[in-house]
Amino acid sequence: MTTSALSGIRILDFSRVVAAPFASMILSDLGAEVWKIERPGVGDDSRLFTPPEINGQSCYTLGLNRNKKSIAMNLAHPEAQNLAQKLANKADIVIENFKTGYGPQGPCANDPGYDVIAAAVGGFLGITGLKGGDQEPVKAGVAVTDLAIGLYAHGAILAALFHRIKTGKGQHINCNLFSTQLAMLTNIASNFLNAGIEGRPLGTEHESIVPYQAFRTKDNRFFVVGAGNDQKFKKLCEKMDFPELCHSSDYKTNADRPITHQQYGTVKVVDGGVIAPKSVDGGSIILLPVVAIKTVEG
């Protein structure tokens, strides 16, 4: 049997809800032993995130806490605090996500934070939603900022473990919602800082790649095209029987191409791919790179 990468590593986990529990869950998947501390009678806040539930347990918390050993402990009592200290002395890693959501310093240092709050303050909600006009912002389908924190934190923890191997010394890691949200803006932030172009909601469209978006089909479903470079766009045009677009000065390169829905034809989703009209009158071919938009069930 293959030994897991983090076998023998022990984590004392005081975290709750999403961000930090996601980090400790990833580490547990890599073989670490996680001791999850929860409030007696209440537990992790996510245990109350229902519906849905199964066998009296929140599906939300089940999705974030696999492989962990739960310990009920009331940290308001001195005896529990002493026990927590003893466990910390035996652990390789201690994780907590008590306040704050903005880091230990600055004007918001004492403020709590949640995913959607960080998305609003950090600019993510301002670029997410339907294109055009005064549209209501759209929250991502999962807690993107929370999950990104978990990924950042788990990577930083692995780096700290490696640092301990090299130096024999531990490290203190600070990840917070606001900093993570700002870091996630990547190209949107670069566009503004370097070119003065502010991000805006574009639906499924991309501000720099065309076509890279969802289209409505003739039978009122949706599919997504991802032509990430000029060669893929050329193949797309050939498959859809619009070769003239490849040679047009308006479409030849990605820098030239406007986002024009009408030029890409009407398509119909079928099992195994997408069928596009060879001509207005009929005929069909399989078109790639294209996928139908699916539900979680498939």
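Which order results if His163, His172, His154, His77 are arranged by neighbouring Cβ count within 10 Å, fewest first?
Starting with the residue having the fewest Cβ neighbours, the order is His172, His77, His163, His154.
Note the angle between two axes, namely the Cα long axis of helix 186-195 and the longest principal axis of the Cα atoms of the chain, as a number of degrees from 0 to 90, rounded to the nearest 10.
Value to nearest ten degrees: 70.
Using only Cα atoms, tell me the angle between helix 19-29 and the longest principal axis of the chain; keep it within 0 to 90° and round to the nearest 10.
Rounded to the nearest ten degrees, it is 90.
In whole Hz, with x marking every Gly and Pro, tabulate ³J(HN,Hα) for segment 59-67 from phi via Karplus 6.51 cos²θ - 1.76 cosθ + 1.60, θ = phi - 60°.
5, 4, 5, 5, x, 10, 9, 5, 6
Just to be sure I understand, if you calculate Rg and Dmax of the Cα atoms in Å for this structure, which of (1) 24.6, 80; (2) 18.4, 58; (3) 21.7, 69 do you get?
Only one listed value fits the structure, namely (1).
Going by C-beta contacts inside 10 Å, put Ser179, Ser24 in order with the fewest on the left.
Starting with the residue having the fewest Cβ neighbours, the order is Ser179, Ser24.
Just the Cα atoms of segment 77-140: what Rg and Dmax do they give in Å?
Both quantities, over Cα of segment 77-140: 18.9, 58 Å.
Mind giving me the FRET efficiency for Leu48 and Arg164? R0 is 35 Å, r the Cβ-Cβ distance, nearest 0.05 is fine.
On the way: r = 36 Å, r/R0 = 1.04.
Plugging the Cβ-Cβ distance into 1/(1 + (r/R0)^6) gives 0.45.
Anything over 26 Å Cα to Cα? Flag those among Lys99/Lys166; Lys36/Lys166; Lys36/Lys139; Lys99/Lys139; Lys218/Lys239; Lys68/Lys166, in the order listed.
Those over the limit are Lys99/Lys166; Lys36/Lys166; Lys36/Lys139; Lys68/Lys166.
Around Gly129, which amide H atoms from residues at least 5 apart in sequence, or from another chain, sit under 5 Å from its own amide H, with H modelled in the peptide plane?
Excluding prolines and chain starts, which carry no amide H, the hits are Val138, Leu202, Gly203.
Kindly put Cys246, Cys175 in sequence by how many other C-beta atoms sit within 10 Å of each C-beta, fewest to most.
Least crowded to most crowded, the residues run Cys246, Cys175.
Charges only on Cβ, +1 for Lys and Arg, -1 for Asp and Glu: so what's the dipole of the chain about the Cα centre, in debye to the nearest 20?
The dipole of the chain has a size of about 720 debye.
Hey, if you put +1 on the Cβ of every Lys and Arg and -1 on every Asp and Glu Cβ in segment 10-184, which of Met25, Gly132, Ala159 ends up farthest toward the positive end of that dipole?
Going by the charge dipole, the pick is Ala159.
What's the whole-number percent of alpha carbon pairs in segment 59-204 lying beyond 25 angstrom?
Counting pairs separated by more than 25 Å, the tail of P(r) holds 46 percent.
Separation of segment 76-112 and segment 173-227 by C-alpha centroid, Å?
Comparing the Cα centres of segment 76-112 and segment 173-227, I get a distance of 35 Å.
None of the figures in this text is laboratory data; all of them are computed from the coordinates on show. Remember, predicted model here, so these are calculated numbers, not experimental data. Here Cβ is always computed from backbone atoms with ideal geometry, including for glycine, and neighbour counts include all displayed protein chains.
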